[in-house]
Amino acid sequence: MLLLTGCSVNPVTGENQLSLIGESQELAMGAEQYTPTQQTQGGQFYIDPELTLYVREVGNKLARVSDRPDLPYEFVVLNSSVPNAWALPGGKIAVNRGLLTELEDEAQLASVLGHEIVHAAARHSVQRMQQGMLISAGVAGLGFALSDNEWAGLLMGGAAVGAQLALAQYGQGDELESDHYGMLYMKEAGYDPQAAVELQEIFLALSNGQQAGFVDGLFATHPPSAKRVSENSKLVSEIGGGGYRGADVYKKKTATLRKVQPAYDAHDEAMKLASDGDMSAALNKINEAINLLPREAMFYSLRGRIYQEQKKNDKAQADFDKAVSMYPEMFVYRLNNGLTALQLNNLSKARENLTRANEVVPTSIAFLRLGDIAVKDNNRKEAIAYYSKAAESSGDIAEEARKKLAALTQ
């Protein structure tokens, strides 16, 4: 339940702002949404844990000098080629590996993280959520389609809210505010704020060139503009440039990421071929990725999906088993494993994996198929509960759930 708490002071700017969501709700929301939102955006980049430690170290340097140093900040690197970074309420921050490969030094990384820290500290996502709530309080029930995974159906409830908060577009005012105070944090932490100007120049050039991935990723949520470049330049001339750049350290810390990049390029190409319907070429390309980096669960998951499309369910099952064994917490690997097990009529395996998937990120397709399993087990009460849940979503899945529910309750 939301309590109307009226006005509060923005912790960063000192200005009065509308406050419908108190700090305890803000922190709870970020904590609840962090894991499911990470998972809807590719999951954690576990191949190089040292890289996450490094990003965390840089993030914490900036968090300590922020206007809300006591927030429970967390920083993770996500396994996504889409160049993006985001912040949830309460300082829960993520940066995609696809953005890290575009940066040149630690100061530019500090610019990205400082910017996201301001979004969290100034409660920008909470403000956006409140503006939505003034129009409609029913945010939590919305389904949110998984962008690159047409097999997964719709996210349910809390996971949908997290994904919306992470992926909603910031207004220019929030972006300029985050640039400004982020640069002040950089200066305070000893970094060269000129890196923030360079970063915007890079982004502006890339957005003008419409480089694939950036348009859908970073620029969709953090629109670049010539105004941001000029405002950042003006601030550097006021506060003074100079400070730590860390190009050599950054190069060393991202060496593994750059080394494995060809494997992810092959995966992304396979994904595109598969979505274009060329399963044979997609299979060749994903095999190339697996040969380059055999310990990446994501590659087996995609190959499993390709085998599913080719109606080779036994091979698909083996690949989903492999993906789950490498990254058991990842909901989408569990989901695909469960759906395939159901097609192979292995009900206990299907139930276990679909249930485990829903514990992390609930999806309407998982509820629907758990209902089917309950019907096969002659458990009418359980089937009704699952179908009712699936019927809360929208589209074909909800329609199928409603028909099956009607048949059970006649």
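Roughly how big is region 220-275's charge dipole about its Cα centre, with Cβ charges of +1 (Lys, Arg) and -1 (Asp, Glu), in debye to the nearest 20?
Here the size comes out at about 180 debye.
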Return a whole-number percent for the relative contact order of region 229-324, with Cα pairs under 8 Å and 6 or more residues apart as the contact set. 19
By average Cβ neighbour count within 10 Å, what is the ranking of 108-121, 247-260, 350-363 from highest down? 108-121, 350-363, 247-260
Let me have the relative contact order for region 263-410, percent, based on Cα pairs under 8 Å that are six or more residues apart. 12
Expected output is a single nm value to one decimal: the length gained when fully extending between Glu359 and Lys234, i.e. 0.36 nm times separation in residues minus the C-alpha distance. What is it? 40.2 nm
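For region 257-410, count the residues as N, evaluate 2.2 N^0.38 Å, and divide the Cα radius of gyration by that value, please.
1.14
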Determine the per residue accessible area of region 333-401 with all protein chains present and a 1.4 angstrom probe, expressed in square angstrom. 43
In nm, to one decimal, how far is the modelled label at Asn284 from the one at Asn345, with both set 7 Å along Cα→Cβ? 3.7
If amide hydrogens are placed 1.01 Å from N in the peptide plane, which non-local residues have theirs closer than 5 Å to the one on Gln44? Asn79
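The values are calculated or read from the model by the stated rules, or taken from the named source; none is laboratory data. Keep in mind it's a predicted model, so treat the numbers as computed, not measured. With ideal geometry, Cβ positions are generated from the backbone for all residues, glycine too; neighbour counts draw on all protein chains shown. For the accessible areas, the whole protein counts, side chains as well, though only heavy atoms, and no ligand, DNA or RNA atoms are used. Shrake-Rupley method; radii C 1.70, N 1.55, O 1.52, S 1.80 Å.
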